[in-house]
1. Please list, ordered by first then second residue, the pairs with beta carbon atoms under 6 Å, 6 or more apart or interchain, first in region 315-339 and over 15 Å from A549 (Cα atoms), second in a strand (DSSP E or B).
2. Could you list, ordered by first residue, the pairs with Cβ atoms under 6 Å in which the first is in region 367-386 and without any contact (Cβ under 8 Å) to a residue 24 or more places away in the chain and over 23 Å from T454 (Cβ atoms) and the second is among the hydroxyl-bearing types (S, T, Y) and outside any loop (DSSP other than H, G, I, E, B), at least 6 apart or interchain?
3. I'd like to know if region 435-447 contains one or more residues that are surrounded by fewer than 20 Cβ atoms within 10 Å (Cβ to Cβ) and closer than 27 Å to P189 by Cβ.
4. If you check K457, K418, K399, which single one turns out to be more than 16 Å from ligand 1 (Cβ to nearest atom) and in contact with a Leu (Cβ under 8 Å, 6 or more places away or on another chain)?
5. Take residues that are of a type in the set (K, R), farther than 21 Å from W225 by Cα and without any contact (Cβ under 8 Å) to a residue 24 or more places away in the chain and tell me which of the strands (runs of 3 or more DSSP E) falling wholly in region 10-90 contain 2 or more.
6. Can you pull out every residue in region 120-178 that is farther than 18 Å from G291 by Cα, in a loop (DSSP other than H, G, I, E, B) and either modelled with pLDDT under 95 or within 16 Å of ligand 3 (Cβ to nearest atom) (or both)?
7. Within region 254-293, track down each residue that is under 14 Å from D660 (Cα atoms), of a type in the set (K, R) and crowded, with 20+ Cβ neighbours inside 10 Å.
8. Can you give me the number of residues within region 551-598 that are closer than 22 Å to D634 by Cα and under 26 Å from the mean Cα position of the chain (by Cα)?
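The values are calculated or read from the model by the stated rules, or taken from the named source; none is laboratory data. Fair warning: this is a prediction, and the values are worked out from it, not measured in the lab. So basically every Cβ, Gly included, is an ideal-geometry build from the backbone, and we count neighbours across all protein chains shown.
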Amino acid sequence: MPKFAQVAIALPMDRIFHYRIPENISSEIAIGQRVFVPFTNRRVVGYVVGFSEEAEVKEVKDIEGIIDKDPLLTEEMLKLTKWIKDTYFCSWGEAIEAAIPSGIKKGKKELGTRIKGVAAQAEDFLITGKHKPTEEQSKALKSVIDTIDKKEYVTFLLHGITSSGKTEVYLQAIDHALNKDRQAIMLVPEISLTPQTVERFVSRFGDKVAVIHSKLTPAKKFLEWKRIKDGKASIVVGARSAIFSPMNNLGVIIIDEEHETTYKQDDVPRYHARDVAEERAKLNNCPLILGTATPSLESFYKAKHGEYKLVRLTKRIDDRLLPKVKIVDMRMELATRKKIAIFSKVLLDAIENTLKKGKQAIIFLNRRGFSTFISCKSCGLVLKCKRCDTVLVYHFEEKKLICHYCGYTQEPQDICPKCKSGYIKYLGLGTERVESEISRQFAQAHISRMDSDTTTKAGSHDRILGEFKSGQTSLLVGTQMIAKGLDFPEVTLVGVVSADVTLNIPDFRSSERTFNLLTQVAGRAGRGEHAGEVIVQTYAPGHYSILTAAKHDYEKFYEEEIKSRKELLFPPFVNLVKITVRARNDELTLKTAQNLADLIRGEDKEAKVAGPAPAPISRMRGYFRYNILLKGKDRTAMCALLRKVLGSFRKPHGVLIAVDVDPISM
Ligand code: ADP
Ligand code: ZN
Ligand code: ZN
């Protein structure tokens with residue numbers, strides 16, 4: 001009988017704690033169980049990760065009790081969470097808590113026994129048949145199925161243009177895994193934005209599917225989790241955290257739209273679900289399929305260098321053509337009309353034509369609100385948030401100025417708070433303004449808008465999309481929410497009001513994001529019998545992101561972008577670790593960040609260290625923020641180095657430090 005248990009606790013402390021195992025539980029205790037342990041003056045939940053004969057400290061306390069008889073965590077989950085701890089700079093306990101449903105974190109016993117799946121409530125679902133695969137699909141499937149049969153780990157990058165039949169490949173790969181008594185995880189960027197994909201899984205596999213998403217209550221989440229653990233559901237469709245589903249015999253893992261940034265968690269543990277999936281596929285000896293029309297630079301680079309296996313779908317199903325994309329140079333529009341126009345004549349004519357033919361259009365602008373920039377013409381003052389270094393955005397419906405970063409609101413102003421002049425101008429446009437301008441121009445048309453302002457109420461997503469699908473509305477205005485996954489055959493026109501919104505963000509991924517968004521949104525046009533047309537308005541018509549997206553040429557985009565990544569030493573050539581130091585006092589924040597950067601430079605052999613530099617948003621919610629950036633080839637080594645430095649770093653009172661491995665943005 002072991003004397004001591006090694007216990008992980010979900011605190012930001014890089015260590016495992018030893019507790020004595022009292023005699024009365026020594027025959028029951030097992031690795032992977034949750035236990036109650038005393039910690040300082042509290043009783044907390046811990047996770048047993050190992051046993052030992054010796055304790056590393058003299059004063060060892062007793063375990064107070066075992067929470068669940070059957071271990072909650074399998075050996076696989078322990079390995080996976082340990083890998084997360086080593087890779088993403090968090091404690092083992094924090095990694096474990098990310099991997100279990102929130103309903104049982106607090107140490108509650110099992111929550112009840114009535115188990116009916118969420119998906120199963122979609123009552124009389126129809127089990128729909130599969131399609132006979134096309135030649136390209138067959139080839140892709142064969143490679144995947146081979147690895148399922150051989151129980152081999154391989155990551156496939158399934159690069160297929162929109163509507164080329166990727167989802168059908170996922171469905172049939174899963175079907176094969178199920179026939180071999182194995183299970184499947186299917187990750188989607190966000191459940192609420194991909195209702196059609198989820199529908200297809202439920203209609204193909206019925207109640208074998210568990211759907212996990214953030215809007216489920218903790219109790220419902222737990223029930224789905226239990227259904228999976230008990231083997232009643234063998235397919236999980238879910239967002240990021242579904243990668244931790246408690247399957248015991250995975251046959252395939254799939255990540256749809258692998259380039260999406262929602263796969264990165266922005267809180268501790270800041271893991272990337274793609275990398276966790278890769279690790280999990282290795283532990284299960286099963287394939288991982290990364291599907292996308294616009295691979296992330298990281299994934300395509302790996303595919304080019306043989307780390308991933310590249311599989312291509314180059315044709316749309318039924319040989320439908322990709323839509324023609326027209327770029328409109330808004331500088332010319334400005335020159336001929338002598339004023340800033342929201343819509344070019346080309347776009348207005350196209351909308352009119354679409355409406356005349358009884359077809360539908362999607363109008364895209366990746367910025368919400370009415371006026372996005374408010375300034376005084378007399379003294380030049382720009383209205384900014386009191387707590388952040390950001391501009392305030394005017395929202396017409398709420399009649400408020402709102403900060404999009406912290407939610408701060410204030411009344412709109414007509415008098416300049418600085419020079420008291422009456423020359424306050426409301427400039428810049430968001431989706432609200434686009435919607436109002438369109439309804440002015442096309443008074444007869446039925447228009448709806450989809451962005452995070454119109455979708456706060458439960459069910460509003462479904463309502464807006466439902467009305468569009470049924471033809472009640474003919475124009476849909478929206479942000480990136482409408483760029484993905486929607487399949488409406490009557491949409492023949494996509495208008496991009498400004499491609500420059502994402503292009504102008506100061507971030508090394510802005511070109512990639514622009515290319516992705518344009519490609520995705522363009523893919524919404526011409527999915528039915530009628531050819532689609534896309535009109536892209538921009539002040540940067542010569543930019544390669546826009547030119548290559550207009551030609552549907554990913555490889556050309558990759559060639560351009562990879563050059564600049566190499567030159568500037570950004571991923572995929574290095575991994576980044578971003579350290580953000582923040583405090584309410586600017587001077588203290590900078591000083592602390594400088595001291596920390598000096599210490600890292602002193603310790604560092606391999607990684608390059610840059611900064612500290614002010615974060616792109618240098619103040620947020622009243623906190624001044626400075627970034628230190630590490631560039632290196634080995635994430636684990638960089639984390640180990642930071643553990644060492646931060647372990648002995650004397651952080652002044654009131655200063656917070658966050659570490660983000662492979663950050664999505666600066
Ligand atoms: P993607 O995921 O690449 O956008 P989908 O798998 O959604 O593509 O396929 C696009 C459309 O074509 C869907 O309506 C799907 O049902 C249909 N489809 C897919 N594969 C086939 C096939 N082999 N034969 C006929 N129709 C297919
Ligand atoms: Zn002024
Ligand atoms: Zn703010």
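1. Correct list of pairs: M330/Q537.
2. V382/S375
3. yes
4. K418
5. The strands (runs of 3 or more DSSP E) meeting that bar are 42-52.
6. Scanning region 120-178 gives A122, E123, D124, F125, L126, I127, T128, G129, K130, H131, K132.
7. The answer is R270, and nothing else.
8. 18
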